[in-house]
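Participant: If you scroll down you'll find the structure; I have some questions about it.
The values are calculated or read from the model by the stated rules, or taken from the named source; none is laboratory data. Everything numeric here is computed off the predicted structure, so don't read it as measured data. When we count neighbours, we look across all protein chains shown, and the Cβ atoms used for this are built from the backbone with ideal geometry, even at glycine. To get the accessible areas, we keep the full protein, side chains included, count just its heavy atoms, and leave off ligands, DNA and RNA. Shrake-Rupley method; radii C 1.70, N 1.55, O 1.52, S 1.80 Å.
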Amino acid sequence: MAKLLSRREFLRGAMAAGASAAAIGLLNVPAFAEGPADKYTPGTYSDTEETPYSTITVTMTFSSDAITDCEITSEGAQDLLTADKKAAMAAAIVAEQNADVDAVTSCSLGSSVAAIQVAVAKCVAQASGVDYEAPEAAPVTGRVPGYCGPGDWLGEAPADPESYEDAGTYDVIILGGGHSGIGAAFGAVDEGATVAVIEKQPWSNFVDLDGTGANMGGWYGEDIGHVNSQFLIDRGYGPYDTGEIVSEFCKRAAGRVNPEIIRNFVQYSGRMFDRYHEIYDMYEAERKENDSHVFMNSTAVIVPKATGDGSTGDQWVDGEPAGGEGYYDMSNMFAYPLCNTQAAYGQQKTEYPIDAGGYKTWPCNAQFYGYQGNNIEYIHKYIVKYVSETEGCTWDFEREGLKLIQDDSGKITGLYAKGADGTFYRYNCNKGVILCAGDYIGNPEMCWALLNEGMEWAERSGATADSWTAAGGRNGAGHRMACWVGGMIEPTPRGWMGIGGGASGPWGSAPMLQLNGRGKRFMNEAAMSQVQATCLRQPAGLACFVTDANWRETLKAAPLDHGAPNFGMQDYWDKMEADMDAAVPGQSNTVTIANLAERTMMAGSVFCANTLEELADLLGYKDAAKENFLAEIAHYNELCKAGVDSDFGKDGKYMIPVEQAPFYGGTGSFSHSANPMMVTMSGLVTDETQNVVNKDWEPIEGLYAAGNCLGGRYGFGYSTPFAGNSVGMAITHGWIAGHQVGSGKSFLGTPVEPMEAPAGGFGPGGPGGPGGPGGPG
């Protein structure tokens, strides 16, 4: 009889782990096998799984009743599984005799997570003497009224606990201590409000308490996107036209956002960031004492020897690796080079915005790469300290929100929470609750039901509700709690942080010529925000980019979309240029990646050839597809020389012929399915003050949302007029909500009651006037 060890079973049994396990991305799950002592055949077993990013092999050794050793290896041009993470995961599997892997702790690891889970299950099945079979899909039935997706992802609200401890009364209660919770907390405190922050993870998940360097990314996210802070203006970036930036966000979302929510982010983000910086500066003495000598077990960046402060555009010299295991000064995270700004070639001397493919981008972020690529915790922990030390405020870890409390009028007056030891708590509030509980990437039912376009692509490619999700601890608790009291999640389309597609160079995403598996060009390569959707509609298989000796010209004019070339630290460009110049024709070459300009571990591969025929062979084109490849490049060159892309409308500045040796190319892949990754982007419907509304569009008094609990921000999914805007929006919208609730609605004011439409009046109408949707037919 076959043993069915499914990824779904892992996820359903998962519980939040302790500090070390959470830091590396592991969750506790039930033991693999139960029963007699001799449950395994002693020996070593191995399984290899392929992902779009890498090839992953898990090798496990068993005694008769236990896992005694585990090794995880991986390889591939885009492999993001670092050696320390693989070693830590393998060790935890042996220590705990169980395994699940949490994709949330690292960018783009969703497919790697699934591969490791399957490989582990197959090794266990081998050792158990049974066959591994992918479990049959569980049928999904029913649906929640008002939502088109299948399944009852909402369920019934839990009953009030029969007994609980009184956790106190506060002006503002904040559910969640991530980026948005951080912003909400210091915003409310600055209004003089008393605050309780309820966070389900332990403090040890956020900071490296034991000094081993094992947990160096407690608040995931490296850059804070924001506009017109004094910090950025002093560096030479801004001030910029906020209305133009708001319009760009709305355009990229095809209008499927709340423009007032976007406007508030753009207009208030600079003020938020400067206050954030100011609070950090208050703790200078403690920072120098605590953070000047921080142990790290590995580093992942090249840190230049700076001769300036980041404000002149010419101070980057002598870039060199930060080094390996050792001690590093993390006491001034806002100083260059620990804080960088993603910029175009020429840095401050470039004219912004950059217009590419009809979309605009700006240099509007602070990138806190530290020495490992993700060290924003060295700022956030002082915001927590500021809030926790304020009289009447508390930051309660290891308590998970369960249910909102309403009075007879429907006003939110508090919430129930449950501690790690099973104790229930009741928190009461005077002014309101702010939901900052994150997204629902770790809830398979919600992903399958709500991420409708992605679910359709996936199901057509053979995925099921059991298999199609990313692992994670954020399970949509805030969304569901709001829906139980009458709120609603914004309507479809609902997306996730899916970015990129096709083939990227070692420099990241740039407007290079792109060809599909038939050797045909298929899009305007400068329209970066359309790439993912366009690539889903190509024939599955090979993708490639092609350029030539003039590759620099395209990169120097490249826009600043997420993943694009980053000239904020010139030494990265210098290193990549040297690697490209050293590329050997006739083979694949490793080039230091400049994408986001932070990690030496993110190396890219590029093929180099003396002729286009040779390049076609290296990239994998044969027969008719190779003929198409060569003919399409010849046609593209004709368009470039004519100065007009009459096929797809690509900007003239990016129409650079591919005709001068050496020629370069790189490969990627197309598929007709996409798994949700990183975070979901659809949140609750609110008014312009972030007050959650019910199905009649009436504000639910005392209930607000921020971060990935807040809707009206992205529409189809993540968009990047500048990098870092997901974290930037989270902190800023949290900060706005904190001020709004803490001030008793004086910060943004109270929206007035809308006037009723005149009797017999026309609805909004469609093209041509009253006869359209909403008007009388």
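Participant: In the P(r) worked out for region 136-195, what percent of Cα pairs fall beyond 17 Å? Please list the in-between numbers first.
Facilitator: Numbers: 1182 of 1770 pairs.
Summing the P(r) of region 136-195 above 17 Å gives 67 percent of all pairs.
Participant: Considering only protein heavy atoms and a 1.4 Å probe, what is the carbon-and-sulfur percentage of the accessible area of region 233-298? The partial results should precede the final answer.
Facilitator: Working: 1350 of 3020 Å².
Here carbon and sulfur together make up 45 percent of the probe-accessible area.
Participant: Just to confirm, what accessible area per residue do you get for region 653-727 at 1.4 Å probe, in whole Å²? Could the numbers behind the result be given before it?
Facilitator: Values: 2120 Å² over 75 residues.
Using a 1.4 Å probe on heavy atoms only, each residue of region 653-727 averages 28 Å².
Participant: Say a paramagnetic label sat at a point 7 Å from the Cα of residue 163, along Cα to Cβ; which residues of region 388-431 have their backbone N under 19 Å from it?
Facilitator: Residues passing the 19 Å test: 416-427.
Participant: Can you tell me, using C-alpha contacts under 8 Å and at least 6 residues apart, the relative contact order of region 434-516 as a whole percent?
Facilitator: On the way: 77 pairs, mean separation 28.7, N = 83.
Value for region 434-516: 35 percent.
Participant: Provide the descending list of Cα extents for region 112-232 along its principal axes, expressed in whole angstroms.
Facilitator: Principal-axis extents of the Cα atoms in region 112-232, largest first: 63, 44, 38 Å.
Participant: Quote to one decimal, in nm, the extra length available between residue 292 and residue 540 on full extension: 0.36 nm per residue of separation minus the C-alpha distance between them. Don't skip to the end; give the middle numbers.
Facilitator: Values: separation 248, 0.36 × 248 = 89.28 nm, distance 5.05 nm.
Gain on extension, residue 292 to residue 540, equals 84.2 nm.
Participant: Separate question: Please report, to one decimal in angstroms, the Kirkwood hydrodynamic radius of region 600-716 built from all distinct Cα-Cα pairs. Working shown, then result.
Facilitator: Numbers: mean 1/r = 0.0519 Å⁻¹.
After inverting the mean inverse Cα-Cα distance, the result is 19.3 Å.
Participant: How big is the C-alpha Rg of region 694-753 next to the rule-of-thumb value 2.2 N^0.38 Å, as a ratio? Write down the numbers at each step before the final one.
Facilitator: On the way: Rg = 13.2 Å, N = 60, 2.2 N^0.38 = 10.4 Å.
The value comes to 1.27.
Participant: For region 129-218, what is the accessible area per residue in Å², given a 1.4 Å probe and the full set of protein chains? Could the numbers behind the result be given before it?
Facilitator: On the way: 4090 Å² over 90 residues.
Normalised by residue count, the accessible surface of region 129-218 is 45 Å².
Participant: Sticking with this one: Would you mind getting the accessible area per residue of region 404-534, heavy atoms of the protein chains only, 1.4 Å probe, in Å²? Spell out each step's value before the answer.
Facilitator: Details: 3950 Å² over 131 residues.
Ligands and nucleic acids excluded, the figure is 30 Å² per residue.
Participant: Continuing with this model, one more query. Rg(Cα) of region 413-555 divided by 2.2 N^0.38 Å? Can you show the working numbers first?
Facilitator: Values: Rg = 21.6 Å, N = 143, 2.2 N^0.38 = 14.5 Å.
Here the answer is 1.49, to two decimals.
Participant: Further question: Using a cut-off of 22 Å between alpha-carbon atoms, which lysines can reach residue 381, once sequence neighbours fewer than 8 places away in the same chain are excluded?
Facilitator: 200, 288
Participant: Quick one: net charge of residue 644's neighbours, Cβ under 13 Å, K/R +1, D/E -1? Could the numbers behind the result be given before it?
Facilitator: Values: positive: 641, 650, 653; negative: 638, 645, 647, 651.
Local charge sum for residue 644: -1.
Participant: Residue 402's amide H: which non-local residues (gap 5+, or another chain) put their own amide H closer than 5 Å, with H modeled 1.01 Å from N in plane and none for Pro or chain starts?
Facilitator: 416, 417, 418
Participant: Can you quote the Å³ per residue value for the convex hull of the Cα atoms in region 336-383, rounded to an integer? Walk me through the intermediate numbers first.
Facilitator: Working: hull volume 5.3 nm³, N = 48.
In region 336-383, the Cα convex hull volume per residue is 110 Å³.
Participant: At residue 622 and residue 210, where each label point lies 7 Å from the Cα along Cα→Cβ, what is the point-to-point distance in nanometres?
Facilitator: Spacing of the two 7 Å Cα→Cβ label points: 5.2 nm.
Participant: Another question about this same structure. Counting only Cα atoms, I'd like the Rg/Rh figure for region 652-692, Kirkwood definition for Rh. Let's see the in-between values first.
Facilitator: Values: Rg = 21.6 Å, Rh = 16.4 Å.
Ratio value, two decimals: 1.32.
Participant: Sequence neighbours fewer than 8 away in the same chain don't count; with that in mind, list the lysines whose C-alpha is under 28 Å from residue 653.
Facilitator: Filter leaves 251, 349, 360, 520, 556, 575, 626, 641.
Participant: Taking 0.36 nm per residue of sequence separation and subtracting the Cα-Cα distance, how much length would be gained by fully extending the chain between residue 251 and residue 327, in nm to one decimal?
Facilitator: Working: separation 76, 0.36 × 76 = 27.36 nm, distance 4.58 nm.
Computed gain between residue 251 and residue 327 is 22.8 nm.
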